[in-house]
Amino acid sequence: MFLGGVHTRYADTVSGTAGTVGARLGVRSPSLTAIGEGHYTHFTTGTWATQLNGGLVALHGLGQSVAIGIRADANHSYLQGGYWSGIAAAGPMVGVAGNRWFLGISGTGGGVRTIYETSDAIVTGSMRGTYMLNAWNFDARLTATWAGDLHYGDLLVAANYNTQAFTASLAAGIRAGDLTDDPWIQGRAEWRFARGVSLEAAVGSYPEDITGFLSGLFVNAGLRFGRQTPVIPIPLPSPIRVEKLSPREVRVTFTVREASTVALAGEWNQWAPIPLSRVDSDQWQVTLPLGAGVYHFSLVVDESWTVPEGVAKLPDDFGGEIGLLVVSRQ
């Protein structure tokens, strides 16, 4: 749950300072990630607005480093006075992963409804690349959108820094084609200062939206209260050996017998399988950009998702199991 305030300028009738309350619910497993979020915002002028967002990615591993799946996204915004807009779209995607990088390509089709009470079909194609380097994560995304008579492309780049207690990101974008506007930039930070409690803040600008909202500026800050399924940090037995190479890098060795290929998927890389290198007949190894903590993972052994026997496990939300990878501070 999020509780905070925002000051924004994007239209004469709804500009100003407001209080915001919101909630987010998400589930993750080796094959599915789903997130839903809703916010209610009340401006000091008396105007209020609501917003709902949802996203889903379902993946199936193919071979050592390739996954295919389906992506779906939807959002709905309502302004006091009966003005509302929304987008819903879904389509296929494919992902290719390496030791430190991930490349995803997707295409979606659906519909868009603007605040001017017009509706159109919408088609979007996107390509995203991610590179991980210790505590840093660098991301670039190229998106092309067609909706009615509107055609435009966006290029977004971002740098993210993440530790157990602190996360910061800086993102910038530029647009070509219709709805062309000045480049935009956004900065966000989160400080997790207590168990289940974090302080969040963001500032920046954003471009004109296809649903009719104008470009503008914003600044917000607030507290988020969260609860996750408790994880007991049980030391892992012999099937896994974890060697710390630096504060943000580890070498992990798995014992998997009678396997032709072994890949590793985890929450740190959106469950995209990355191939492991064979050390000997039963030993498989990979270097990961992970700091101290407990991480959810699964192996893909000869294209089958599995958790090795002898590894601490938790049930996922879909009748399966996920393993626990423990990286100690020592």
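Values for this structure:
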quantity	calculated
Rounded to the nearest 20 debye, dipole of the range 240-327 from Cβ charges on Lys, Arg, Asp, Glu	400
Which of D73, D280, D120 has the fewest Cβ neighbours within 10 Å, and the rest in rising order	D280, D120, D73
The chain, relative contact order [Cα under 8 Å, separation at least 6], %	14
Cβ-based exposure ranking for D149, D302, D182, D139, in which fewest neighbours within 10 Å come first	D149, D182, D302, D139
Within the chain: Cβ-based charge dipole about Cα centre, in debye rounded to nearest 20 (Lys, Arg +1; Asp, Glu -1)	1020
Tensor-based shape of the range 240-327 (alpha-carbon gyration tensor, a/c under 1.5 rounded, otherwise prolate or oblate)	oblate
Neighbour-count ranking [beta-carbon atoms within 10 angstrom, fewest first] of L223, L264	L223, L264
Of H60, L214, G81, farthest towards positive along the dipole that unit charges on Lys, Arg, Asp, Glu beta carbons give the chain	H60
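Values quoted throughout were computed directly from the atomic coordinates according to the rules given, and no laboratory measurement underlies them. What you are looking at is a predicted structure, and each value in this text was computed from that prediction instead of being measured. Heads up, the Cβs are rebuilt from the backbone with ideal geometry, glycines too, and the neighbour counts pull from every protein chain shown.
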